[in-house]
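A quick write-up on the structure given underneath.
The values are calculated or read from the model by the stated rules, or taken from the named source; none is laboratory data. Predicted model only: the values in this text are computed from it and were never measured. Don't worry about glycine lacking a Cβ; one is built from the backbone with ideal geometry, like all the others, and counts go over all protein chains shown. Protein only, heavy atoms only, side chains kept; ligands, DNA and RNA dropped before computing areas. Shrake-Rupley method; radii C 1.70, N 1.55, O 1.52, S 1.80 Å.
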Amino acid sequence: MTGGTKPAVELRALTKDFVVGLKDLRLRAVDQLSLRVECGEVFGLLGPNGSGKSTTIKLVLGLLRPSAGESEIFGVSSSRVEARAQVGYLPESPNFQRFLSGRELVSFYGRICGLAGVRLKSRVEQVLGWAGLTEAADRRVGTYSKGMLQRVGLAQALVHDPQLVILDEPTAGVDPLGAAAMADLIRQLKARGKTVVITSHLLAQVEDVCDRVAILDRGRLLLCAEVASLGNRAVASSPESLDENDRAELARWLSARGKSPGAVVAAQSRLDRIFIDEVRKNRSDSGSGSA
Amino acid sequence: MRRWPLGSRFGCFAIVKSRWRLFATVVAGLALGGAILTGLVVPQQTNREESGARLRESPGAGALFGWLGGFRALAADLLWLRMYAGWERRDLPGTQTLIRAVVAVDPRPAYFWINGARILAYDQPVWRIEAEGGFEAVPTERRRVIEVEQARLALRLLEEARGLRASTAAMWTEQANIELNKLGDIAAAAASFRRAWEQPAGPYYAARIYGELLRRLDRHREAYEWLCSLYPKLPPDDEAADAPLVLARIRELERMLAVPPAAAFRSGR
Amino acid sequence: MTTVPFSLTRVGLIAAVTLREAVRQKLVAGLALIACGFVLGVRALRDFNFGAPELKFIADFGDGVIAGFGAVLTIVLLAQLFFGELESRTALTLLAKPVWRSEFLLGKFCGVVAVVVVFCVLLTATLSVVLWQRESALRVEGFATLPAGVGFDPGALWVAAWLHIVRLTVLAAGMMLVACIAQTQLYAIIVGFSGFVVCHLQHVAQGVYSRAGSSAMAWVATLIGWMFPDFHLFTLEAGGAWTFEGVARLTVYGAGYAALALGLAVWVFRHREI
């Protein structure tokens, strides 16, 4: 079922409209979205608030029915229960049964996914260890901090060793240490051959770990490309890209004017810069073209 | 937001239609499934019409509350407690009203019918007579009228009971006692005692008293034959059956009817 | 492709978690305590000196408490657990697993029914103790022979408890259907209580409408009679007259309606957006 030629996630002209009131108003949250997430890659689904990221994820997971188009996970339609057998999902700002301990919660989800006996027990301890929750595992989830909730959410998402891991805003509200730990974990997952899909609007955190990103705005796909190719846009214009003679001449010119050679710093076209440009461009096009 | 024109696939009619389709499917599913279940499993209710009629007769909101399924037994009990409080105050109209309310709310327990009839037949004549001046002051004829009126109220109540629930030996016995003690109608009382004996688990004394009343009506031969057919059915070691008394009655009737010894009843014990 | 068949194990897991969540709710503990208090408080009836019929009053009172509080518990608890799961989005995490929507619904339903069973058993046990104590006291006071159908009949008491459980299970299934259709918890609770009243009163309405003479009203009454189970049927005759066949019929009737309502709830929930 996994690997082979089938992509981890494939969306074909996926569309989702929400009814708003009883009048003839519908909100189009996802608009003709087509993309593929290949096996083994870390894929970022980015966009401003309200761009349709979470709706797309819910459509992929079969929690919502598309108004049009198709969604598949490893070649299986998202509407089927089987499609979710190899998926681990961490929702945004996760909530769990507060009265269960961390261990009970992860064990519950592990049993739901078909684990049992010794395998369940060892797997629970393993993921709790990855999440750094071994010591707090016997405390009730209701006593956990936000960061701990995020980590126990990760543990329940990974307990059944899924091939596809979907993380919805995994670093929202998490401190820099937590975000760095999350990034490390994502790299480990990739190293083990897992496919990871991350949604986020915090691009700086995401660009270090993603192989490819797609940028959404108002339900539409604006851009889908490899992160490396996006970063190269700015590299050509940085001082580091000049040869040795040109760099020396630049340094002499700066010194003659009393400036330090390090005063010139290329304005790197970071992902957030690209993001902002693309979104603004899309909105101005929509604004000029609207009836 | 995008607007979609009326009548298009995404127009308001589509939205309203899908909601109504959901309700229609649920209603149709429940109705169809319910029709099958009700027809297959539950016997027809035979007294729904009577139930509706009694609801209209019952006073007060207590009746409506009382019809709420299992709560009606509780509501009837609570109304009975209210009636009891009125009984202690000798509130004649209030007691009568609440007795009727109780049996309207929950006609199932024989207890309410029997005790309601007792209150009407035995207690309320005393209240009325004392309200009119007491036993010394009220003339005998007037007392008799009051007792007959109340006795007929009680008998009407017991008759209504038979229309709403299965008769019991206790209800027939109560009727017989009222007919005998309050109306002095021996023939009616005899018939009621016989009906009591014929009910499931009918008491032995009812059969015995029926025989006794036949004697009082000078139907001696009938009484003799009745008691002779009854005696073999009486368990010898049951005090309530009082077999020796019945045998003594048989012997008295043999003397009265001059039954020859050869034809006398053989007890076989 | 690995198939994921419907699994009763998953239903049981969800039911177990639902039960644990339910017993932690103040609503459940509060209702159970108040109901027990009412049942114990009915001993005050001895002041009326009814004698043997006092046992009937105690049994009726206890029966009414179980029916009334049981209905409140079923309706409110199911609505709270269902909408709480949706609003806190714990349902999201669960349904993102290889879990059938019907497993989720049935698990929630079974968890609530488990609470109802415990509630009915607890209160019936309390009522049994009260009746047994009072009957013993009455015998000491001189009521050596209690009239037929008035004494403490433990068999009838537990048959009544079983019928309460069946009725409340039907109510829970109906409430699940309402919750799947409703968008808010308050709306679901109001509709649930309205349906409860219809189920209790419909045998009266049938009697009235059948005399109305209007065929339209008679058809409406018939339709309502089919859609809503008749809860009046689940009450024992006074004095505890019951037959095995009668109880079996009612159990099948109740199970049938519960299955019907749950089936429709599963169908509706499949279309519901989480």
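General remarks:
- Residues that are modelled with pLDDT of 90 or more, open to solvent by 80 Å² or more (accessible area, probe 1.4 Å) and within 17 Å of B:P203 (Cα to Cα) within the range B:225-265 comprise B:P232, B:K233, B:P244, listed in sequence order.
- Residues in the range C:22-33 that are in a helix (DSSP H, G or I) and open to solvent by less than 90 Å² (accessible area, probe 1.4 Å) were compared, and the one that is modelled with the lowest pLDDT is C:L27.
- Residues located in the range B:139-168, provided they are within 14 Å of chain C (Cβ to nearest Cβ) and crowded, with 20+ Cβ neighbours inside 10 Å: B:A161, B:T168
- Test: residue in the range A:193-204 that is assigned to a loop (DSSP other than H, G, I, E, B) and of a type in the set (D, E, K, R): yes
- Residue in the range A:131-139 that is surrounded by fewer than 20 Cβ atoms within 10 Å (Cβ to Cβ), assigned to a helix (DSSP H, G or I) and without any contact (Cβ under 8 Å) to a residue 24 or more places away in the chain present: no
- Taken over the range C:215-274, the criterion of being assigned to a loop (DSSP other than H, G, I, E, B) and of a type in the set (D, E) is satisfied by C:D230, C:E237, C:E273.
- Taken as a whole, the range B:91-111 holds no residue that is at pLDDT 80 or above, of a type in the set (F, W, Y), part of a helix (DSSP H, G or I) and surrounded by fewer than 15 Cβ atoms within 10 Å (Cβ to Cβ).
- Residue that is nearest to the other protein chains (Cβ to nearest Cβ) [pool: residues in the range A:44-69 that are under 18 Å from A:A172 (Cβ atoms) and either among the aromatic types (F, W, Y) or open to solvent by 20 Å² or more (accessible area, probe 1.4 Å) (or both)]: A:K58
- The lone exception for C:K97 - which of (1) in contact with a helix residue (DSSP H, G or I) (Cβ under 6 Å, 6 or more places away or on another chain); (2) modelled with pLDDT under 90 it fails: (2)
- Near pairs, Cβ below 7 angstrom, 6+ apart or cross-chain, from the range B:73-87 (within 9 Å of chain C (Cβ to nearest Cβ)) to any residue that is modelled with pLDDT of 90 or more and buried (at least 18 other Cβ atoms within 10 Å of the Cβ): B:A76/B:V102; B:A76/B:F112; B:W80/B:V102; B:W80/B:F112
- Residue match in the range C:56-77 (condition: touching an Asp or Glu at 6+ places or on another chain (Cβ under 7 Å), in a helix (DSSP H, G or I), of a type outside the set (F, W, Y) and modelled with pLDDT under 90): yes
- Filter result (touching a helix residue (DSSP H, G or I) at 6+ places or on another chain (Cβ under 9 Å), among the small types (G, A, S) and modelled with pLDDT of 85 or more) within the range B:3-41: B:G29, B:A31, B:G33, B:G34, B:A35
- Only residues that are part of a helix (DSSP H, G or I) and modelled with pLDDT under 75 were counted in the range A:238-273, giving 9.
- Per the conditions (1) within 14 Å of chain B (Cβ to nearest Cβ); (2) touching a Lys or Arg at 6+ places or on another chain (Cβ under 7 Å); (3) under 28 Å from A:L100 (Cβ atoms), the sole criterion not satisfied by C:C120 is (2).
- Residue check, C:L19 open to solvent by 10 Å² or more (accessible area, probe 1.4 Å) and away from chain B (no Cβ under 11 Å): yes
- Across the range C:82-96, the qualifying residues are those that are open to solvent by less than 10 Å² (accessible area, probe 1.4 Å) and more than 18 Å from A:L149 (Cα to Cα), and the one among them that is nearest to the other protein chains (Cβ to nearest Cβ) is C:L95.
- Candidate set: the range C:169-184, residues that are of a type outside the set (A, V, I, L, M) and crowded, with 18+ Cβ neighbours inside 10 Å; chosen: the one farthest from B:V27 (Cα to Cα): C:T169
- Restricting attention to the range A:93-111, the residues that are part of a helix (DSSP H, G or I), at the interface with chain C (Cβ under 7 Å from one of its Cβ atoms) and open to solvent by 10 Å² or more (accessible area, probe 1.4 Å) total 2.
- Close pairs (7 angstrom Cβ cut-off, 6 or more residues apart or separate chains): modelled with pLDDT of 90 or more in the range B:154-169, outside any helix (DSSP H, G or I) and surrounded by fewer than 14 Cβ atoms within 10 Å (Cβ to Cβ) anywhere: B:A169/B:A201
- Look at (1) open to solvent by less than 20 Å² (accessible area, probe 1.4 Å); (2) outside any loop (DSSP other than H, G, I, E, B); (3) of a type outside the set (A, V, I, L, M, F, W, C); (4) more than 10 Å from every other protein chain (Cβ to nearest Cβ) and you find that A:D17 fails only one, number (4).
- Candidates C:A79, C:A67, filtered to the one that is at negative phi, among the small types (G, A, S) and within 14 Å of chain B (Cβ to nearest Cβ): C:A67
- Scanning the range A:1-58 for residues that are of a type in the set (V, I, T) and at pLDDT below 90 yields A:T2, A:T5, A:V19, A:V20.
- Any hit, the range A:83-92, residues being within 14 Å of chain C (Cβ to nearest Cβ), out of contact with any strand residue (DSSP E or B) (no Cβ under 8 Å at 6 or more places or on another chain) and assigned to a loop (DSSP other than H, G, I, E, B): no
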